[in-house]
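Encoded as structure tokens, the structure appears first; notes follow it.
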């Protein structure tokens, strides 16, 4: 079985993306790893090169920043990375630059890929998600956070990144996927407040024109992490690749987990989910098989 990894990144140093941790977390599963790096002058290329793995293959070119509508640019560049995956790979592991696979899940992912390698009806593998917020101590538990997403796809180039590159489709149809006992840790909302604020301004440019971006983002120098609806304390273990970054955290964030800023309807729906595991009305860009 041959497995490829792939991702995209731009200005990883400037916006403090844990992209090195993202890549190295899945590298044990991969025979090669494709990374599409947009034009930047913050040392991102050198950062990736310093991983110093023969598995890594770098694509460099200028991203078309005019492709703003609906985050289309992210899908275009994700497809570019996927298209560079070797033709003889069976599976492709897509990891975003702010996501990490805990090493405790490596065996489960490998086993699932082996088990479904020859079952062509299985087009992808579905992962659970843990979304950290504010610091490495808190995770989001409200309905604003997506629960699951496809991160391993069959190496079928008819599969395309969908919309803003959150998931995938084939001929605009949802992929047939298997849920596996593995999860992705998402750190997109854990950055120094200043870096987070700059990231928000840059990220909104993937969807909106400059005037709209200005309306949607605060003029403050630092992001206000306090404006969140509900969090719980994280009680698990962090991936080993994240330990150094966590030890270097240089800002302080605390949250009263008894504080729940939700409507009565959302409180009820969250209660149902906590009791049953069923998220009423969950958006699913996949078909479970």
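Summary table below
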item	result
Selection status of residue 106, at pLDDT 95 or above and in contact with a helix residue (DSSP H, G or I) (Cβ under 9 Å, 6 or more places away or on another chain)	yes
Conditions (1) modelled with pLDDT of 95 or more; (2) on the phi > 0 side of the Ramachandran plot; (3) within 19 Å of the chain's Cα centre (by Cα); number of the one not met by residue 171	(3)
For residue 174: the one exception among (1) farther than 22 Å from residue 56 by Cβ; (2) surrounded by 20 or more Cβ atoms within 10 Å (Cβ to Cβ); (3) touching a residue at least 60 places away in the same chain (Cβ under 8 Å); (4) in contact with a strand residue (DSSP E or B) (Cβ under 6 Å, 6 or more places away or on another chain)	(2)
In segment 177-197, residue modelled with the highest pLDDT [restricted to those that are assigned to a helix (DSSP H, G or I) and crowded, with 18+ Cβ neighbours inside 10 Å]	196
Residue 53 being on the phi < 0 side of the Ramachandran plot, assigned to a loop (DSSP other than H, G, I, E, B), crowded, with 18+ Cβ neighbours inside 10 Å and modelled with pLDDT of 95 or more	no
Of all residues in segment 245-287 being under 30 Å from residue 116 (Cα atoms) and touching a strand residue (DSSP E or B) at 6+ places or on another chain (Cβ under 6 Å), the one that is surrounded by the fewest Cβ atoms within 10 Å (Cβ to Cβ)	287
Tally of residues being under 18 Å from residue 155 (Cβ atoms) and in a loop (DSSP other than H, G, I, E, B) across segment 22-41	2
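Residue by residue, here is whether (1) touching a helix residue (DSSP H, G or I) at 6+ places or on another chain (Cβ under 7 Å); (2) within 30 Å of residue 119 (Cβ to Cβ); (3) surrounded by 16 or more Cβ atoms within 10 Å (Cβ to Cβ); (4) modelled with pLDDT of 90 or more holds:
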| position | (1), (2), (3), (4) |
| --- | --- |
| 161 | yes, yes, yes, yes |
| 199 | no, no, yes, no |
| 240 | yes, no, no, yes |
| 243 | no, no, no, yes |
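The values are calculated or read from the model by the stated rules, or taken from the named source; none is laboratory data. Computed from a predicted model, the values in this text were never measured in an experiment. When we count neighbours, we look across all protein chains shown, and the Cβ atoms used for this are built from the backbone with ideal geometry, even at glycine.
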